Amino acid sequence: MANLLFSTFPVTNQSFYRAAKTFAIVNLMPIVPGHVLVVPNRVVPRLSDLDDEELGCLMRSLKRVGSVVEKAYGGDSLTVALQDGVAAGQTVPHVHFHIIPRKNEGDPFKDRNDMIYPEIERNERAIESRLNQGEPKTIQVDPSAGMKPRTQEDMEKEATWLRSFFTEENS
């Protein structure tokens, strides 16, 4: 498998889905089980930086990955979110969509749906702090911020499991 980058971070082992111009990775700090990212191969900061082919592939990938993640995690629906630019809360300068499976029962955001967005932003800020340190070799997060990053092994295990849901027909 070719090396993949999420901004400056190597994420090849966290990847579970590949298309011609996109990939999907498990999240370092998911806010609910199944919270994943869909990312274009080309590192660009804004959605408007993508060409039409990349955008089309990205939308098809969102549909395919979202469908699999919803089923795999027993979701009833999805939150699909993009923070497109710094003023919108984007902290990692690489276009990426969050796919978050949601449930009618047992969803921690069910009665406060809009609170999922500040939680996504907290998640992103934890990664931003590492980018600002100028050490892009690995992602490290300050556990005192209240969020614990998962181990590389845990992320690889989840990626391997999710990969098993994709067949030739739905890749």
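The values are calculated or read from the model by the stated rules, or taken from the named source; none is laboratory data. Note that the structure is predicted; figures quoted are calculated from it, not measured. Cβ coordinates were reconstructed from backbone atoms using ideal geometry, including for glycine residues, and neighbour counts include every protein chain displayed.
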Single residue of segment 8-17 satisfying the filter (hydroxyl-bearing (Ser, Thr, Tyr) and not in a loop (DSSP other than H, G, I, E, B)) that is surrounded by the fewest Cβ atoms within 10 Å (Cβ to Cβ): THR12
Selection count, segment 33-59, where residues are surrounded by 18 or more Cβ atoms within 10 Å (Cβ to Cβ) and in contact (Cβ under 8 Å) with a residue 60 or more places away in the chain: 5
VAL68, sole failed condition from (1) assigned to a loop (DSSP other than H, G, I, E, B); (2) of a type outside the set (S, T, N, Q); (3) touching a residue at least 60 places away in the same chain (Cβ under 8 Å): (1)
Pairs with Cβ under 9 Å, 6+ apart, first in segment 18-32 and surrounded by 19 or more Cβ atoms within 10 Å (Cβ to Cβ), second of a type in the set (Asp, Glu) and assigned to a loop (DSSP other than H, G, I, E, B): VAL32/ASP107
MET59 being under 16 Å from the mean Cα position of the chain (by Cα), over 25 Å from ARG122 (Cβ atoms) and among the aliphatic types (A, V, I, L, M): yes
Residues of segment 92-115 satisfying the condition of being within 21 Å of ALA24 (Cβ to Cβ) and either modelled with pLDDT under 85 or under 14 Å from the mean Cα position of the chain (by Cα) (or both): VAL92, PRO93, HIS94, VAL95, HIS96, PHE97, HIS98, ILE99, ILE100, PRO101
